[in-house]
Amino acid sequence: MVNGQAKAVDDLGRLYEATRDLLAQTDVPAVRQCLRTSLNNLHWALWLMGAEPSFVPDYVSLPDGRQAF
Amino acid sequence: MSHSGAEHWNQWAETLNREELDALHLRRLKRVLDYAWARSAFYRQHWQRAGFHPDMVQSLDDFKHRVPLTDKQDFLQMQEDFPPYGPTVAVGAADISHHAETSGSTGLPLRIPFTDYDTERYGESWIYGWWVLGIRPHDSFYFAFNWGNYAGFWSAYWGVRRLGATVYSGGGQTTEQHVRNILGLKPTVLISTPSYALRILEAAREMGIDLSASSLRFTYHAGEPGPCSLASVRRKLDEGFGAISGELLGIAEVDAVAPGCRLRHGVHMSEMSNFSWSMDPRSHEEVADGVIAENVVTTYANSAQPLINYRTHDLVRAYNRPPCGCDMTWRYLDGVVLGRSDYMVTVKGTNVYPAAVENLISDVPGVSPYFQLILSREGSFDELLIRLEPDSHISSQEWDGIAEEVVRRIKDVVGVRLRAEVAAPGSLPRHDLKAERIVDLRRDEFRRELDRQGGQ
Ligand SMILES: [Zn+2]
């Protein structure tokens, strides 16, 4: 890993988790959409630095339409 | 703070060594397998029927050999039985944000759903190729493209958005209007198929306009063999536009799988968004670096309809340790796609893909684009005769030398010595489509048998 990358991955991982928690508590559709986009970007940033919390962000619904949160 | 002077879009990822890349892939492939098992009724059933479970994968070898292969036909059938997507999807309808389709040139079009996040990841693949060529966020892209359901250039659009550059849509315009738009809007990058870029050059010439003096500094292409596949196409595009041309290999349902190499003799697989390996289409064994075989891909960029160990039927000469000479470490496809595994013949005991031979002939200087490959059957072997025409400015004393050069190049690359005949300039039939160059004189039963051996 390049200089500072391990720390960046740690920091991003914390941001990712905090954003996911916020999304789980938010009911306003407009704000939920902002947080989903943020989660995508944080997830992808982690992926591009060699880390990934999962294959897709946790909010993604199941085929029967059930939401994770 | 500006990073646009960096040589790579993502230096760390693009220069990982093979062992590091393989370790990343193994971890990510396991995640994809678990995801598909939990969410896709199709995969669960497909795997259960074959006695496979994701826990059986502990190495990349396990992945290649134990995970059942998938093919476009599997998906087409389910989409037809349960429209629009059938049980292949892994997400709820609310998370599908874009729909695309394959061209359907070989049958029914395949329907392709993407989530919002998929489109971001898919678009990203383009940027690696743009960046190494010198394209930056301050550039502006003109799309000579009608915005239908074709995933290819939609994904380029997603890529430009991610890069942070400017988009000019050329949707719904005539070829002449494209020429005028290029002069008026002053874009620095043209996006189109290679053949349509050549058509734009032709139209500009008819209008008395020299596009080599325009604002364009780069042209970038997909959809057909382009400047990283064929030297003749590269020369024509570079000279005509006075720009640097590039090529990306995309597979609509999978990913913008392989952005171009800086040195432009092939493309690199985008290893952040897919995993691929080369499989002998008959034995299903993995082949060594440099051996022509079928590219089998697993995408990380489509979570709506996962494609796992998916047969592309594209024949490639791939290197997991690239010999191209640039510093990108991602798997390299020399000459991009050399043919299709569903169309193969056996000449003197060697598997020959007529499309690969076509590409080699196209690259020999002095050979006109009008040539024929005559397939026949002698005893128990296929025979392949090349009938070619020299360019009209070549003197007849040079004809034999050109034919010898064609035979030599094919022997070097394909490993078999074919016969070549020279026909007088202007004497061979003129067609627009490449496929019509192949004349198959074999009896039907041999064709069927051999086509099946190609791995349907
Ligand atoms: Zn390269």
message = Starting from the 7 Å offset along Cα-to-Cβ, what nm value, one decimal, do you get for the label separation of B:Arg18 and B:Gln77?
response = 3.6 nm
key: Approximate spin-label separation B:Arg27-B:Asn146, in nm, with each point projected 7 Å along Cα-to-Cβ   = 4.7 nm
Euclidean distance between Cα centres, region B:330-351 to region A:1-30, Å = 45 Å
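With charges set only on the Cβ (+1 for Lys and Arg, -1 for Asp and Glu), what does the dipole of chain B come to about its Cα centre, in debye to the nearest 20? Don't skip to the end; give the middle numbers.
Details: 48 positive and 60 negative charges, 66 e Å.
Taking the Cα centre of chain B as origin, the dipole is about 320 debye.
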task = Tell me the label-point distance for the pair B:Arg49, B:Asp289, using the 7 Å Cα-to-Cβ offset, in nm and rounded to one decimal.
result = 3.8 nm
Prolate/oblate/rounded call for region B:132-236, Cα gyration tensor, a/c under 1.5 rounded = rounded
inquiry  = Interface size between chain B and chain A, please: total buried accessible area, 1.4 Å probe, rounded to the nearest 100 Å².
reply    = 2300 Å²
inquiry  = If the only charges are +1 at each Lys and Arg Cβ and -1 at each Asp and Glu Cβ, what is the size of the charge dipole of region A:5-48 around the Cα centre, to the nearest 20 debye?
reply    = 100 debye
query = Given the Cα-Cα distance of B:Arg408 and B:Ser376 and 0.36 nm per residue of separation, how much length would full extension add, in nm?
reply = 9.4 nm
message = So if I take the centroid of the Cα atoms in region B:293-308 and the same for region B:119-185, what is the distance between those two points in Å?
response = 24 Å
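Suppose the chain between B:Glu202 and B:Thr166 were pulled fully straight at 0.36 nm per residue; how much longer would it get relative to their current alpha carbon spacing?
Details: separation 36, 0.36 × 36 = 12.96 nm, distance 2.61 nm.
Result: 10.4 nm gained on full extension.
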remark   = Carbon plus sulfur, as percent of the 1.4 Å-probe accessible area of region A:5-48, comes to 60 percent
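Would you tally the net charge around B:Glu124, using a Cβ to Cβ cut-off of less than 14 Å, leaving B:Glu124 out, and scoring K and R as +1, D and E as -1? Provide the component values of the computation, followed by the final result.
Working: positive: B:Arg121, B:Arg161, B:Arg162; negative: B:Glu14, B:Asp116, B:Asp118, B:Glu120, B:Asp255, B:Glu271.
Combined, the nearby Lys, Arg, Asp and Glu give -3.
With every protein chain present, what is the per residue accessible area of chain B (1.4 Å probe, Å²)?
Numbers: 18550 Å² over 456 residues.
That works out to 41 Å² per residue.
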inquiry  = Using the Karplus curve 6.51 cos²θ - 1.76 cosθ + 1.60 with θ = phi - 60°, what ³J(HN,Hα) values do you get for each residue of region B:300-314, in whole Hz, with x for Gly and Pro?
reply    = 9, 9, 10, 9, 6, 9, x, 10, 10, 6, 8, 6, 8, 6, 7
Rounded accessible area per residue of region A:5-48, 1.4 Å, Å² = 53 Å²
message = Just to be sure I understand the interface: list residues from region B:21-40 that lose 50 Å² or more of accessible area between the chain on its own and the complete protein assembly, 1.4 Å probe.
response = B:Arg28, B:Arg31, B:Arg39
ask   = So which residues of region A:37-69 lose at least 40 Å² of accessible area, probe 1.4 Å, when you go from the chain by itself to every protein chain present?
value = A:Asn40, A:Trp44, A:Trp47, A:Leu48, A:Gly50, A:Glu52, A:Phe55, A:Val56, A:Val60, A:Ser61, A:Pro63
remark   = Residues whose built amide H sits under 5 Å from the amide H of B:Ala420, excluding neighbours closer than 5 in sequence, are B:Ile386
task = Calculate the length of the line joining the C-alpha centroid of region B:32-69 to that of region B:186-265, in whole Å.
result = 39 Å
ask   = Is the shape of chain A rounded, prolate or oblate, going by the alpha carbon gyration tensor and its root eigenvalues a ≥ b ≥ c, with a/c under 1.5 for rounded and a/b larger than b/c for prolate?
value = prolate
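At 0.36 nm per residue, and after removing the present C-alpha to C-alpha distance, how many nm does the segment from B:His393 to B:Ala94 gain when stretched out fully?
On the way: separation 299, 0.36 × 299 = 107.64 nm, distance 6.13 nm.
Extending this stretch completely gives an extra 101.5 nm.
Loop by DSSP (not H, G, I, E, B), at most 14 other beta-carbon atoms within 10 Å: where is the longest site-free stretch of chain B for trypsin sites (Lys or Arg not before Pro)?
Longest run free of exposed loop sites: B:1-281.
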note = Applied in sequence order to region B:272-288, the curve 6.51 cos²θ - 1.76 cosθ + 1.60 (Karplus, θ = phi - 60°) yields integer Hz couplings, x standing for Gly and Pro, of 7, 10, 7, 10, 9, 8, 9, 10, 4, x, 8, 8, 6, 7, 6, 10, 6
key: Complex-versus-alone comparison for region B:121-149, residues with a loss of 40 Å² or more in accessible area, probe 1.4 Å   = B:Arg121
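The values are calculated or read from the model by the stated rules, or taken from the named source; none is laboratory data. Keep in mind that what you see is a predicted model, and the values were worked out from it rather than measured. In this analysis, Cβ positions are derived from the backbone assuming ideal geometry, glycine residues included, and neighbour counts consider all displayed protein chains. Protein only, heavy atoms only, side chains kept; ligands, DNA and RNA dropped before computing areas. Shrake-Rupley method; radii C 1.70, N 1.55, O 1.52, S 1.80 Å.
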